[in-house]
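Notes follow the structure.
Throughout, read-outs are computed from the coordinates displayed, never taken from laboratory work. None of these values were measured; they are calculated from a predicted model. All Cβ positions, glycine included, derive from the backbone under ideal geometry; neighbour counts span all protein chains shown.
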Amino acid sequence: MHTNPRHQENEHPAGDLLVGADAIHAFLVHLGMPADTDVYYLKRTGIWPIGNTAGTGGKLIASKRRLARYTDKIARGDSEDA
């Protein structure tokens, strides 16, 4: 079996991927963010680990692992490295 050395042994990148604002929003709410969280605003800030698949017509994309890590840093008050 071929493994990607950039991913840890038990990490499944395909299962980590969120595609679309609705999927990202649902995950953030699951993590405890308010239901009125604006995912597009978070993307525009440039500090949240949310990307775009292709310019203005693309879909938002994010990693569950990176979003969870970022929200954890914010909750601990460690936002300067987040």
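Other residues within the sphere of radius under 12 Å centred on the Cβ of Ile24, judged by their own Cβ, net out at +2 (K and R +1, D and E -1). What the Kirkwood sum gives for the stretch 21-76 is a hydrodynamic radius of 11.5 Å, with every pair of different alpha carbons counted. Distance between the pseudo-spin-label points of Leu31 and Lys64 (7 Å out from Cα toward the beta carbon): 1.2 nm. Here the peptides 20-28, 52-60 are ranked by packing, the mean other Cβ count within 10 Å, and the order with the highest first is 20-28, 52-60.
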